[in-house]
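Everything below concerns the one structure shown next.
The values are calculated or read from the model by the stated rules, or taken from the named source; none is laboratory data. Just so it is clear, the model here is predicted, and its values are computed rather than measured. We place every Cβ from the backbone using ideal geometry, glycine too, and count neighbours over all the protein chains shown.
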Amino acid sequence: MPKVTTSAGDDLFYRDDCFAPPWESPPATLLLHAEAETGLAWYGLMPRLAARARVLRPDMRGAGRSVAMGPGQAWSLDRLASDLVALMDSLGLENAHVVAARFAAPVALRLAAASPSRVATLVLCSGTPDPATDYGPRATRWADEIDRVGIDAWAVGAAQERLGPDAEESDLEGWSGLLADTDRATLLGLLRGLAAFDASADLPNITCPTLVVAIDGSPAQPLETTTAWQRQIPRAELLVLTGRGDHVAASHAREVAGAVQDFHRKAAKDAGGGKRKERGERDGKRDRSKAKEEKREQRRERRNA
């Protein structure tokens, strides 16, 4: 079972997939799942992303096969971000492209702000830098519902909210099962501790190219709310897809996978162009210096003739 052990002795499970040609060394893409999910939630993006990249899908702390969150244990953005650094260190990765969904967005923002050299690009899908503000009443309702009817019944409605009213019944059933596998105590602790996930102050400190992907008809995330915080990130672009769900990476997996690949190619091209320009400037300076030296040498020869 692939796992990494943090300096604190905590085990974190991850999936590591790549279907690029074996003679290539593709860049790494790190996918951070939403609350009440595991790395399995990214299945819809995998055929496209893993064909050209090394894709890492950790079960984040408290989820799936990774270390559980004990009763009363406080959530910490810094700890969650440091888990990702530990994963990259264990795999010998200097950096990775990071893609995060929903409540994982603050974790990705903290990672990019605190360890900018580790994040090549950032993609935020139906994310929010401050879940307590954007989801506070909903989180309270969800927690009360889980207490009242149990996590299995809650998962049915949660799947509908995430995928939207146009989702196929088979997808709703599958997602309901995925969400219902979440540890009940962990999810309740997260929903009642959202204040710990506020990464609003990190927005101006994000230096990497960033893509924010949103749904125009999301009832939980009005487009004007997303636009307001997206504009606080210096190098952020906004991609708006049409739909009525709250989880664009789930409801629009193929479109999001294509957008992620296009964004990565654009970032690589821009970075390469900058390097070529820098090399060109250096070469130009050397050429001008050489030309000046040749002219000085010609003047010396004329004086000595």
- [ ] Could you tell me which numbered condition Leu87 fails, if it satisfies all but one of (1) under 22 Å from the mean Cα position of the chain (by Cα); (2) aliphatic (A, V, I, L, M); (3) in a loop (DSSP other than H, G, I, E, B)?
- [x] (3)
- [ ] Can you tell me which residue within region 174-187, out of those that are closer than 10 Å to Ile151 by Cβ and buried (at least 19 other Cβ atoms within 10 Å of the Cβ), is modelled with the highest pLDDT?
- [x] Leu179
- [ ] Identify, by number, the condition in (1) crowded, with 18+ Cβ neighbours inside 10 Å; (2) part of a loop (DSSP other than H, G, I, E, B) that Gly72 doesn't meet.
- [x] (1)
Task: From the options Thr227, Thr210, Thr242, residue that is of a type outside the set (Asp, Glu) and buried (at least 22 other Cβ atoms within 10 Å of the Cβ) - done: Thr210
Open item on the list: Just to be sure I understand, how many residues within region 235-251 are in a loop (DSSP other than H, G, I, E, B) and among the hydroxyl-bearing types (Ser, Thr, Tyr)?
Closed with: 1
Task: Leading residue by the ranking (farthest from Asp59 (Cα to Cα)) among those in region 4-13 that are in contact with a helix residue (DSSP H, G or I) (Cβ under 6 Å, 6 or more places away or on another chain) and part of a strand (DSSP E or B) - done: Val4
- [ ] Look at Ala114 and say whether it is at pLDDT below 95, surrounded by fewer than 20 Cβ atoms within 10 Å (Cβ to Cβ), at negative phi and among the small types (Gly, Ala, Ser).
- [x] no
TODO: For Leu163, indicate whether it is surrounded by 24 or more Cβ atoms within 10 Å (Cβ to Cβ) and modelled with pLDDT of 95 or more.
DONE: no
Task: Options Leu211, Leu188, Leu238: the member that is in contact with a helix residue (DSSP H, G or I) (Cβ under 6 Å, 6 or more places away or on another chain), within 22 Å of Trp75 (Cα to Cα) and of a type in the set (A, V, I, L, M) - done: Leu188
- [ ] Output the number of residues of region 79-109 satisfying the condition of being among the basic types (Lys, Arg) and surrounded by 24 or more Cβ atoms within 10 Å (Cβ to Cβ).
- [x] 1
Task: Residue count, region 23-69 (criterion: of a type in the set (Gly, Ala, Ser) and not in a loop (DSSP other than H, G, I, E, B)) - done: 4
